[in-house]
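Read-outs throughout are calculated quantities, based only on the coordinates presented, and are distinct from any laboratory measurement. None of these values were measured; they are calculated from a predicted model. No Cβ is skipped: glycine too gets one built from the backbone with ideal geometry, and neighbour counts run over all protein chains shown.
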Amino acid sequence: MKKLSVFAVIAISSLSSTIGSVAAESVQTLSGSQIRTKIAGMELTDEVHWRDAYDRDGTLRSYADGKKRVGKWEIEKNELCVYFNDPEDGCYEVSLSGNRIEMKPTGLGLSIDGILQTPTDRN
């Protein structure tokens, strides 16, 4: 009986630490000022195919498939809005979990999910 009790305590302790880790990385929807604080001067990337650099002056530099595009970003209400003068322009609700950002469009379009990091270059 004691062996079973020790096993149960170990299993519960392991489960509790796993739940605690998940709770520490909870998802937080950001307000407009929080978005500006987190994004300005940073880079959002999938670490393989693309990266978007959000300069503090509102310039947005996007690198994907060997091509560079320059647009602008701004905060409107509690959303991050990006503009490249193409159909993909729009505004996003931004959520943060650790260093992971998820951007959900307020209109049509796909969500963007990436890692927020210090820019890899300043070009």
(message) Between residue 28 and residue 120, what is the label-point separation in nm under the 7 Å Cα-to-beta-carbon projection?
(response) 2.7 nm
(request) Would you kindly derive the ³J(HN,Hα) couplings of segment 33-49 from the backbone phi angles with the Karplus curve 6.51 cos²θ - 1.76 cosθ + 1.60 (θ = phi - 60°), listing them in order in whole Hz, with x for Gly and Pro? (result) 5, 5, 4, 4, 4, 6, 8, 4, x, 10, 10, 10, 8, 9, 6, 9, 9
